[in-house]
Every structure is written in structure tokens, then in C-alpha cells.
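The values are calculated or read from the model by the stated rules, or taken from the named source; none is laboratory data. Quantities reported herein were computed from a predicted structural model and do not represent experimental measurements. FYI the Cβ positions are ideal-geometry reconstructions off the backbone, even for glycines, and counts take in every protein chain you see.
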Amino acid sequence: MSKDVRTEVAEIFEDVFEFEGDLNFKTSPDDVPGWDSLKHIALVPTLEQNFDISLSMDEMHEIQNVGDIHIILERHGA
Amino acid sequence: MLQSIDWAKVDSEKITNMLTSLDEAGKKAPPWLLNALITSGHAVDDAKIERFSLPLKFLNRLNGSDDVDQTSAIDVASRLIDDKDLTRALIKRMKERGLAGEALQLALTNWASSPQLMRPVASTLKHHVEGLPEVKLRVLGFSTTHPFCEDLAPAFAGAGFKTDIVEANFGEVIPELLRPVDGAYDAYILLLDMAGFHAPDWRLETSAGTQMLNDRIDLIVSALASFASQSSLPIFINTVSMAPTPAIGFLDQQLGDGSNASIKLVNERLCDLASQQNQIVLIDSFVAMNTIAPANWSDPKMWFYGRIPYSADATRALADGFARAWRAEKKGPPKVLAIDLDNTMWGGIFGEDGVHGLQCGDDFPGNAFKAMQSEFLRLKKQGMILAILSKNDPVAITAFADHPGIILDEDDFVAHRINWTPKPQNIRELATEINVGLDSFVFLDDSPHEREAMRALAPQVYTPELPDAPARRPGWLRSLSKTWPIRLTKEDAERSSMYQARRKASLMQSSAASFEDYLAGLEQKLTLEEVSQATLPRIAQMHQKTNQFNLTTKRFDESDLKAMMEDEHQMVVLGRANDKFGDHGISICATIAIEGDKAELKPC
């Protein structure tokens, strides 16, 4: 996982959840106060737009923590 | 290989060497390379990029050590730029060179197509909106409105407003409309999608399905009418966009339960209501989303996951549409349109080409200028005042009377300044004469220098970028949303609905009439006149161009025709056709041979 992608994901978390703490692969909705189901809906298009990819519905459900996001991004070649 | 290099990491000395060795080898650096170098932060010799766009030239100047002028910065900040890498680089460098406000403006201008651009200016935005007038909005919708509400803040900031948004409970539209709360808000917003109207039941007969839809529309329309009777607040509603995927294929617009037939019905009823209730303001979704491919207006995954009616791109576009409407509501369109003459009002230069050398009329390229003049008349009809602002010989005003293709009259203009005084000074005089502020002006000029001077010396005047190509200008002017009135005066509105009713009635009648009746009803008129110096070029052109209806093989050119005009035994005549749908201009011509008291029409 390149450093650029990690930085980008951190910036997206700042945008969407206004979360400025450290992120690791285990960071989950329990650790990020703003990460509720409504905001999850905003997270997906933001990821899609930033990395120019399109997620499937299964992938939307698959995201349980930051690690899952990176796995999906890697799968899409980001 | 060169394309894949990250130029930002290459030493500027090496770049200079590379460009110098290209120069010495007598080779020109390719435009894509110069573009990549500038975008990645390097400065190149100005002479190499003379033909590049202003934003790229400006970035080049920012990259160098020269002083940057704020006028260009303001100009660049108001532009929609297709190249996202360029926009990102501009925002970054503008910020670094102390142009934080302009960097923010550029990000806001381009936000709807690329929201990521806001990231580097997020802190500037927070500070900036604190100084803006606040608008308190209550947002309703039949589907999930949350992503839309998030987008309203940057959209309204771009239009010059700070937002305070309260989202109603999910799907609660009717109860909210029936019990409006006046004091707490400045406006209501209803984000509409078809989910509010119609889940088609395919077990029903078509007529029963249509009845159900009508009942649902009745409910919403009466709730809106009730809102309007209880509250004085404006309510902004988007129309429902047409469906790119039809429910009944070829028949979708014809059958009552087709998706697009249903959508048309909803929109018609909304328009009827809005034309009766001034408080109801409609935002045309199709216009708001016109840069997005219809297939991308919604994202089925987001719909089924969270009942989000519009895709992320479409949601931003709609938020932008609502923000523009609010700006029009608060500030209204500008009052005066100040127009340059040469190459703006008409093609060509009065002082060099003379009146009859000016391009304006029915043929290319004059037809583009004529179409633009028609747009000026439209704006006049919509309540704007027209004025002329031209560096020219004052006698240029005579072109309006003397040139047959110019459709505007001198009387269409309330005031004019046709002289050699600088335009920013002239516009101040016009403002005093007409008694309006400078911020009531829109200034149209084909010259980038005149526009730059106006922006620098009279920044309150709205000076948009007029497209270089005359053919693009009429459409461009129509889409200039700052000139859109949110509502016409009551008299105007009544007049237009009266016309509509009359038109509908005449349509009904004409459908029953025969083709002969139709022709008789056209009120066709043919006016004959002798060809003059002014109309000669057009006649010569007709001779050269027309084939299908020219039954002889004779092709007269301008000098042949002139000779015939001067010959006392010959006459050249033309005919102008018009009917109730409009003027079709010069349509026929003929030559006549005169022998004593006998005149013979010669076929041609």
C-alpha cells in the first residue's frame, strides 16, 4: 500500500467525518465518532470520486474498518 | 517515456538545459511537455507559450519569480477549467503566492465538477463564509436528503452566502408543508424525485395507474398551495428530471404509466402552480445537471442502499442550481447590459469595413451576430436595459439604421458612449446617466484587453469571458445564469400565460384544419424591391450558392449584377418573404429585361 493512498484516505476521513486522529488498518466506526450509517453513505462516493473507481454494493457492506477500504482500493488498482 | 516523468521532482536547472538544447537543435518543445512542466511547478519562457490558455500562462507566471497581478488572478478564479491537474496546481500556487482569496474562488467555481479541489482551501473557506450574509434553510424531501444538505454549504458559499441548514425528518414533506414555520427560516427547499409520486403498480389498468398518479400530484400540489397561503417564505423546488431508462420503451412518453409520461405530468402541474404562486420557485433539473450524462444522474447502488435519489455528481449540480436561484432571489439579475460594437454587436470593424462591410444578417458568419442581437432583445424583453460602450467613431451609431441585417434599432438602447475615452471611465458616466450602481452592469466585449481593463478599474461591473467564436456566443449568453430573472413582474407573467392559453387554443383548431387552411393561415407576404448597393452582396451570394431552385445554369457574380443594375434595359429585383412565424429574409431574386414598354422576367 503506497503512502500516497494512505494520505489520501486520511484526508478523506478528515473531509467526511472531520476526523483528524491517526488511522490504522483496524480503525473502525467505533473509533471514529462521525462514522455512522448516514456518513458511510457519503464516504463511498467520496472514495469513488477520489480514486476514480466504482464500488459494488457488496463492497459497500464489506467496509468494516480502514483495512477493508485499503483492500478494496488495492483490488481496484488504486 | 517522457510522459511518465514526474517533472515536479526534476531540478529546474535540468529543465532549463533540456529546453535550451531543444532550442539549439532548432526543435520546438511540444505543447504537452510545456503543459506538464508548468503544471508540475516549473516556469518556462513566456514566448514559448504565447498561444496557451490564460490559466496556464498565469500559472507559469506564478511559478516564476515575477510579480503577479491580481486582475489576472480574479479573472482566472472565475473560470471553469476542464484540466483538473492544472486547476489543482493553480490553487496550490495561488495560495503560496498570497492569493488565498482567489484560490478559494477558483476552487468554488470548479467545485461542482471536482469537489476535491476544496481540500487545500478548507480553512480559507471557513474564514470566508463568516463574512457572508447568512441564509437559514429548511430542507424537505421524499428520499434521503442528507448528501444534498452537505453540498448546499459549498454551493451557497460559491454564490456568496453562508448557510444554516435544518433537515426535516426523512420523507416528511406533506406534514411540513401543511405546517410551515415562518420565523425560523429564510426559505424552504424541496428536493424532489419521482419516489414522492409514483410506485407504478403493474397489476392496475393504465387508466387506474394514471388516476393514482394524479391523486398523488393533487395531494402535493394542494400541500404546496396551503404552504403558500400560510407562509410568506419562498420555497425552491427542483423539477423531476426525465428518465433515461423508460418503463414502456418506445411508448414511454405516450402511455399514462410510462416513466417519462408521468414525469412530464408532474412537471406540468408544478409549472402551473408556480405560475400562480410567486413564492414557488422552480429549478429546472435538466438545466442544472446538463453537464452530466443522463445515465449518471443517479447511482442505483446508492438508491437501493440508502434511498439516495441522485448520484454524487448530480447532487452537487442540483445544490449549485438551488444556490444560483437563491442568489437571483436576493440580488436579482443585473439591470444594464453594456455592449461593445465591433466584433461583438456585429462582425468586422466599422472604421475599416464601412457600414456595408459589417457582418450581420442571414449568412455565415453574420448570422451568428444576428442571433446574438436577438438574445440582446430577449434580455431587453426580460427587463434589462441595453447600452452601447464602444471605442469608435461616434458615427458608428448610424449602422443601426443603415445596415439591412442589423435587427436592433438605435431606440433599443437607453444610452451609449461611442468615443475614444477608456471604457471604465465611460461606464461610470453611463451609471450616472442611467442612475444605477456599477454593480448593476454586465459588460460584453470581444477584446481581452478591454475586459481586463474593466475588471481592474471597475471591478464591480460583471465582466464575463465572451467566447472567441461568434457561433458559440448566443448559447453562452443564454446559459449565463447571473442574468436569469427568478420571476418576471406579475403583468409579464399574466401576459405570458395568456399567450400560452391562446396558443393552445390555436393548436387545437389547427389540428382539425386542412393543409390548405394551414397555408392560408400562414399570412405569407412577399415584398419586392429593386436591388441596392446594400443588398447586392447577398444577391450575388444567392447566385453562387443556390443550385436546387436555379433552373438555368447562369451564375452571375457581383460585377455582372452591377452591370445589369446600371443598364437601363435591365432591372434586378429581390423579394423578401415573411409569414406569421417570422421574417425569412431575402428569398428570391430575378432579372427583368425592359424593351420599350415591354418588360420580360428572365428565368434564372
### Message
Give me the residue from region B:234-247 that is at pLDDT 95 or above and among the aliphatic types (A, V, I, L, M) and, out of that set, surrounded by the most Cβ atoms within 10 Å (Cβ to Cβ).
### Response
B:V240
### Query
Just checking, which of B:A122, B:A107 is within 14 Å of chain A (Cβ to nearest Cβ), assigned to a helix (DSSP H, G or I), surrounded by 17 or more Cβ atoms within 10 Å (Cβ to Cβ) and without any contact (Cβ under 8 Å) to a residue 24 or more places away in the chain?
B:A107
#### Entry: Members of region B:319-374 found to be over 21 Å from B:T463 (Cβ atoms) and aromatic (F, W, Y), listed by number
B:F322, B:W326, B:F350, B:F364
## Note on the structure
Scanning region A:55-77 for residues that are under 13 Å from the mean Cα position of the chain (by Cα), within 14 Å of another protein chain (Cβ to nearest Cβ) and not in a helix (DSSP H, G or I) gives A:L55, A:I63
#### Entry: Residue selected from region B:12-28 under the condition without any contact (Cβ under 8 Å) to a residue 12 or more places away in the chain and of a type in the set (G, A, S), by the criterion surrounded by the most Cβ atoms within 10 Å (Cβ to Cβ)
B:S21
### Task
Please enumerate the residues belonging to region A:31-47 that are within 12 Å of another protein chain (Cβ to nearest Cβ) and either in contact with a Leu (Cβ under 9 Å, 6 or more places away or on another chain) or assigned to a helix (DSSP H, G or I) (or both).
A:S37, A:L38, A:K39, A:H40, A:I41, A:A42, A:L43, A:V44, A:P45, A:T46, A:L47
### Query
Quick one: is A:D22 over 22 Å from B:T315 (Cβ atoms), surrounded by 15 or more Cβ atoms within 10 Å (Cβ to Cβ) and away from chain B (no Cβ under 14 Å)?
no
### Query
Does any residue in region B:199-219 that is in contact (Cβ under 8 Å) with a residue 24 or more places away in the chain come within less than 9 Å, Cβ to Cβ, of a residue that is in a helix (DSSP H, G or I) and surrounded by fewer than 13 Cβ atoms within 10 Å (Cβ to Cβ) six or more places away or on a different chain, and which pairs are these?
none
### Task
Give me a count of the residues in region B:354-380 that are more than 22 Å from B:K335 (Cβ to Cβ) and not in a loop (DSSP other than H, G, I, E, B).
10
### Query
Only one of B:L99, B:L152 is in contact with a helix residue (DSSP H, G or I) (Cβ under 7 Å, 6 or more places away or on another chain) and within 14 Å of chain A (Cβ to nearest Cβ); which?
B:L152
### Query
Could you list, in sequence order, the residues of region B:125-149 that are outside any helix (DSSP H, G or I) and in contact with a helix residue (DSSP H, G or I) (Cβ under 9 Å, 6 or more places away or on another chain)?
B:L132, B:P133, B:V135, B:L137, B:R138, B:V139, B:L140, B:G141, B:F142, B:S143, B:T144
### Query
Just wondering, is there one or more residues in region B:195-205 that are farther than 17 Å from B:A261 by Cα and not hydroxyl-bearing (S, T, Y)?
yes
#### Entry: Residue count, region B:458-476 (criterion: over 17 Å from B:R79 (Cβ atoms), touching a residue at least 24 places away in the same chain (Cβ under 8 Å) and part of a loop (DSSP other than H, G, I, E, B))
2
### Task
Hey, could you check region A:1-12 for residues that are in contact (Cβ under 8 Å) with a residue 12 or more places away in the chain and within 12 Å of another protein chain (Cβ to nearest Cβ) and say which is surrounded by the most Cβ atoms within 10 Å (Cβ to Cβ)?
A:I12
### Query
Looking at (1) in a loop (DSSP other than H, G, I, E, B); (2) in contact with an Asp or Glu (Cβ under 6 Å, 6 or more places away or on another chain), which is the only condition B:A73 fails?
(1)
### Task
Filter region B:289-334 down to the residues that are polar (S, T, N, Q) and assigned to a helix (DSSP H, G or I), then identify the one that is farthest from the other protein chains (Cβ to nearest Cβ).
B:N296
### Query
Scanning for something within 27 Å of B:S72 (Cβ to Cβ) and over 26 Å from the mean Cα position of the chain (by Cα), does region B:393-415 turn up at least one residue?
no
### Query
Looking at B:D67, B:D85, which one is exposed (fewer than 13 other Cβ atoms within 10 Å of the Cβ), within 35 Å of the chain's Cα centre (by Cα), charged (D, E, K, R) and part of a helix (DSSP H, G or I)?
B:D85
## Note on the structure
How many residues of region B:381-398 are more than 18 Å from B:E450 (Cα to Cα) and outside any strand (DSSP E or B)? The answer is 9
### Task
Give the residues of region B:126-147 that are closer than 29 Å to B:N296 by Cα and away from chain A (no Cβ under 11 Å), sorted by residue number.
B:L137, B:R138, B:V139, B:L140, B:G141, B:F142, B:S143
### Task
Scan B:A8, B:A47, B:A36 and give me the residue that is loosely packed, with under 11 Cβ neighbours inside 10 Å and in a helix (DSSP H, G or I).
B:A47
### Query
From the residues in region B:171-187 that are within 26 Å of B:A243 (Cα to Cα) and modelled with pLDDT of 90 or more, which one is surrounded by the most Cβ atoms within 10 Å (Cβ to Cβ)?
B:V173
### Query
Considering only region B:223-269, how many residues are over 27 Å from the mean Cα position of the chain (by Cα) and over 24 Å from B:I486 (Cβ atoms)?
17
